[in-house]
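Worksheet: the structure to be examined is printed underneath.
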Amino acid sequence: MIHQRWLVYALLSAVCAALVGLFGRVGVEKIEPNLATAMRSIVMTVLLLVFLTLTGGWAKLPPLTSRPSVMILLAAVAGAASWLFYFNALRLADVSHVAPIDKLSTPIAVVLAVIFLAERPTGINWLGVALMLGGAYLVSLRPAA
């Protein structure tokens with residue numbers, strides 16, 4: 001079962017990400033999206049610091065000048081930008097339209113992993129990427145008025 005733990009974590013991540021969209025959409029109706037993103041980030045930071053403290057994670061802190069640390073810092077910048085754009089999009093459109101477009105991050109990540117990490121998806125993986133692209137397009141269509 002331990003070799004399947006990644007799947008459990010990934011599914012829990014997907015559920016939590018879906019809840020972010022639902023809660024965020026309601027929140028940005030009365031709170032400016034950039035402020036909402038900052039508020040969300042503060043709460044996340046506090047919760048993560050508590051979790052890190054409780055699990056003894058501080059002892060594993062690498063030097064901030066190491067390559068892995070720089071990559072994590074760049075991931076943080078990309079994540080912050082992603083959420084700023086996401087909450088601004090939620091202010092302007094329904095979750096059912098914004099979320100599928102946001103999930104295009106998956107096919108984009110696959111392409112970037114091929115280019116920069118030399119990953120080699122199989123034909124069936126590429127079919128999945130194509131289906132994701134088509135699905136995001138279909139789900140994001142607005143019904144005719």
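Please treat every number below as a calculation from the coordinates, not as lab data. In this text, all values refer to a predicted model and were calculated from it rather than measured experimentally. A quick note on method: Cβ atoms are made from the backbone with ideal geometry, for glycine too, and the neighbour counts reach across all protein chains shown.
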Ranked from fewest to most other Cβ atoms within 10 Å of their own Cβ, His3, His97 fall in the order His3, His97
Lys/Arg Cβ at +1, Asp/Glu Cβ at -1, dipole of the chain taken about the Cα centre: which of Thr122, Leu22, Ile101 is farthest positive-ward?
Thr122
Within the chain, which whole H helices from DSSP have a Cα span along their axis of at least 15 Å and a mean Kyte-Doolittle hydropathy of 0.0 or more, if any?
5-27, 33-54, 67-92, 105-117, 123-140
Between region 123-145 and region 34-85, the alpha-carbon center distance in angstrom:
31 Å
